[in-house]
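> Quick one: the structure is below, questions incoming.
The values are calculated or read from the model by the stated rules, or taken from the named source; none is laboratory data. Predicted model only: the values in this text are computed from it and were never measured. For neighbour counting, all protein chains shown are included, and Cβ atoms are generated from backbone atoms with ideal geometry for every residue, glycine included.
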Amino acid sequence: MLLGEKLKETRQNKGLSQSTVAEHLNISRQSISKWENNSSYPDLDNLVRLSEYYEISIDDLLKENQGLKTKIAENNFKIKDSQQKLDHIRSGYERDEGLALLIISLIGCLVTPLGILIAPIVLKRNKATNTFHRGVIMASVVCFLVSLWGGYALLSTIFHWGAPPTVEYMG
């Protein structure tokens with residue numbers, strides 16, 4: 001509801017005429033009519049006097065309708081969302097290490113002891129803004145597990161873990 005409509009509604013609810021309000025404020029009735037038709041607006045002094053005369057706060061007089069409040073809230077949400085997307089895009093231009101980290105993770109799978117060391121480092125460097133963020137996480141986990149398995153296989157071969165015991169004839 002616009003200011004003029006609010007002024008008119010409040011005046012009518014109080015049972016006052018435009019002339020009565022105009023006399024109280026020491027202004028012309030036409031000024032009241034212009035305010036209520038939204039052709040012009042009262043100055044601050046008259047707005048304060050209207051507020052006192054109508055026994056309503058200035059805040060209530062100046063508040064817009066609920067539809068406008070809803071639109072403002074929606075626009076604020078859209079602005080915040082757009083700002084977050086813009087920040088995401090800007091941060092992506094700063095440094096996108098996604099592809100490089102993915103390649104390093106996959107190379108770490110090939111060299112057993114190296115993969116155990118590389119995977120945590122790659123995970124620490126990975127950012128949510130990287131292009132292949134989830135892919136890097138998956139590749140690092142796979143790299144770590146493959147390296148653990150390869151390390152166990154290598155150590156079990158060297159130390160004969162899990163192999164059947166061998167008996168040598170000393171005869």
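> So, in segment 1-51, exactly how many residues are in contact with a Ser or Thr (Cβ under 7 Å, 6 or more places away or on another chain) and over 14 Å from L61 (Cβ atoms)?
4
Let's see how each residue does on (1) at pLDDT 90 or above; (2) out of contact with any helix residue (DSSP H, G or I) (no Cβ under 7 Å at 6 or more places or on another chain); (3) farther than 30 Å from K85 by Cα:
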position: L114; (1), (2), (3): no, no, yes
position: P120; (1), (2), (3): yes, yes, no
position: N126; (1), (2), (3): no, no, no
position: R134; (1), (2), (3): yes, yes, no
position: M138; (1), (2), (3): yes, yes, no
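> Could you figure out which of (1) among the aliphatic types (A, V, I, L, M); (2) modelled with pLDDT of 85 or more; (3) surrounded by 15 or more Cβ atoms within 10 Å (Cβ to Cβ); (4) assigned to a helix (DSSP H, G or I) isn't true of I79?
Tallying (1) among the aliphatic types (A, V, I, L, M); (2) modelled with pLDDT of 85 or more; (3) surrounded by 15 or more Cβ atoms within 10 Å (Cβ to Cβ); (4) assigned to a helix (DSSP H, G or I), I79 fails exactly one: (3).
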